[in-house]
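To start, the structure itself, in structure tokens.
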Amino acid sequence: MTNIILKTKPLESSCPIESFPQEKDLSITIRPWSKSVGIKYSYQNINHLLLIPSLWLGIDFLPLWFIFALSSQLLILTFFKIPSFLLYINFIIPYLIFKEKGIQIVPETMIPVLAAFLMSQLIANKSKFKEESFIFFLWIGIFSVFSSSFNYLVYSAFVLLYYFLQQASDESINLKSIFETFRTQKLQLFFTLVLALVLFFFFPRFYNFLPSANSTTQGEVGYSGDISNKNISQLSLSNKTAFYAETPREINPNLLYWRGRVNTQTDGYSWWSDKIPPSQPQRNSLGQKNLISIDMKYELDFKGDLIILDSPHRIIESNLRYFKYPQTNEFRLYRKRKKVSFRALSDLNRNTSTQLNSKRVQYFLQLPPNLEDEIKQLAINLQGKNAHEIINNFKRFLIKEEFSYTLEPGLMQDMGDFLSNKKGFCTHYSSLLGIILRLNKIPTRLISGFQGGIYNKVGGYYQVTSNDAHAWVEYYENNNWQRVDPTGFVSPNRINFGGERFLTSSESTLVANSSPGWWESKFNEVKLNWNTLNYKVSLFFDNFDRNKQKEISQFFKIKLTTFFITGGVLIGFILGIFIFLTQFKQKPTLSPLDKALIKFSKKLKIKPSLHTYHTIKEMKEMVSNLDNENNKEAMQILDLYQEVAYSKNKQLKKLKTRIANYEA
């Protein structure tokens, strides 16, 4: 490999002065490779690298193979010239996307397809570098649909600013060139910002045109409405944010149960929901309620289930339509796979009572006819006078037999395998307790939901991840459904710290985090503030929908159609002012050297005046009619002007002084 440094200096010719570049070092790298492979222009390399983070910031909505495929191509494109025929590989991506997501016009299908097309255009590289700006801006824009967070806002602002500075500056990007670009391009920057704000507030929103909420990947920790214990040997961790929940205060960890689907039917190992016979209306008669208001914002899909802090009282408002199952106090959405935001009231005291008739009692005692004898015998051994006594016996049994909590219990096809293995996760323990209680004539049901969550004291909200997904038991006693969590019998820390902290930290780390040092405390404080800002920005963008635009139009007492028309008029007005100022009013930007030449021309008092498009030869001919003394001084000033203009000689101050002292 050979590096060659070329120094360029202009030669005197008849070309205009402004056509000469400043003296520069041009670094050329020669590599012994074929013509189809080689390092390309550095600016373009950086631009391609800057496109990669947009893929990973949308990881919750994009297939992992798609992210790896395009990231790899951008990395290769950064350092090598890819043969054009390889661009046809991207034609396979639409087929794979539609095969995985189905043939439907939604952001999850159309954006990857468009990105594959843009990737092909980058590989083809038929356009000049500065003409790739359309692809660059479109790429950043389309992936913003998947990420309304502050993180993506900062990322996009950085890369767009970098690209703008790069295009506006012919020299290397440094602090001086940045300030100079802002000074010379301030009008364009101002109107771009104003236009972006007007478009955001006035551009018509389509109902439900938002990315669908992602579902939990099979084999990962995450919410599942029905409880299936078969054919699962292990679960991998997933720290994807499931939802955010704003609360007026921090809640006791023992009450952080986010209730979802009620499962009532079982085969002796797995559980699922079914139609429930009608019951008498619930009535709140067990004492004073402890109501708390919660603002929920979902990031994942829960198969149409609404997850609410136990025990749900009612929903105050929601951006999507919902309905309620009064028999089980469940809430469901009419439309699945859509992000939802709503406000609800929950009763932390769970003060609701329900009268079960004999038909419903039998319904919650359902058991399969082929239940293992081992399970039946265990239920006899653990029987007691009431549910509380049976549960205590069950707890002692788990501790005595040294059952343990793990996400990797191995393949267990039935409850007998679990009893022999003596290790499992929440659904195994809840299923076993549910069967034991039903065998002892205690009406029982299993609840799918979440337990735990990390509280952000700065923002006043809980962040609940897929790792917090959980299952527990509700049993019927004294006209009330009581909650019991058997997972806490074998792993108290799973309940005390929540799934996210417990599953991603060691025991020693959990204890150490209770008393962090000064540096760690400051770092956590910065992290909390950043996460709060990220959450608030995401909440604002996600919630600014057509309903918000309708609220604004109602505030100004105009129709929604008039609101949109007003936005269109504003956009036209802004563009008109911008075109007027840039095309008719804006004076050409003159450099200090150009200003010095104009001042010198005025002092000469000759016609025509000197101008920057004149060559040195032409300028000298124009001042040749002056007397000998003035002619000599003028010629020396022109020579100094040429020296300052065409070299790195920093004698501009000297030139200005000589022009100021010149007398025609």
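The gain in end-to-end length when the LYS336 to ARG183 segment is fully stretched comes to 50.0 nm, 0.36 nm per residue minus the alpha carbon separation.
Hey, any idea what Rg/Rh is for the range 432-579, computing Rh the Kirkwood way over Cα pairs? Over the Cα atoms of the range 432-579, Rg/Rh equals 1.22. Modelled spin labels at TRP65 and ALA196, positioned 7 Å past Cα toward Cβ, are 3.6 nm from each other. Here the 3J(HN,Hα) profile of the range 296-311, calculated from phi with Karplus coefficients 6.51, -1.76 and 1.60 at θ = phi - 60°, is 9, 9, 7, 10, 10, 8, 10, 6, x, 7, 9, 8, 9, 4, 6, 9 Hz, Gly and Pro shown as x.
Each peptide among 400-406, 109-115, 425-431 gets the average number of other Cβ atoms lying within 10 Å of its residues, and from highest to lowest they stand as 425-431, 109-115, 400-406.
Dimensions of the range 453-499 based on its C-alpha atoms, expressed as ranges along the principal axes with the largest first, amount to 41, 25, 16 Å. In plain terms, the residue of HIS388, HIS313 with the fewest other Cβ atoms within 10 Å comes first and the most crowded comes last, giving HIS388, HIS313.
In this rough spin-label picture, where each label sits 7 Å from Cα along the Cβ direction, the ASP639-THR615 distance is 2.0 nm. Distance distribution P(r), the range 378-488, all Cα-Cα pairs, bin width 10 angstrom from 0: 13, 41, 30, 13, 3, 0 percent. Each of LEU160, LEU62, LEU581 was scored by other Cβ atoms within 10 Å of its Cβ. Listed from fewest to most, they are LEU581, LEU160, LEU62. Cβ-Cβ distance of GLN362 and PHE397, R₀ of 30 Å, FRET efficiency by 1/(1 + (r/R0)^6): the value works out to about 0.65.
Here, each number is a calculation from the coordinates, and none is a lab measurement. It should be emphasised that the depicted structure is a prediction, and the values quoted were computed from it without experimental measurement. Cβ coordinates were reconstructed from backbone atoms using ideal geometry, including for glycine residues, and neighbour counts include every protein chain displayed.
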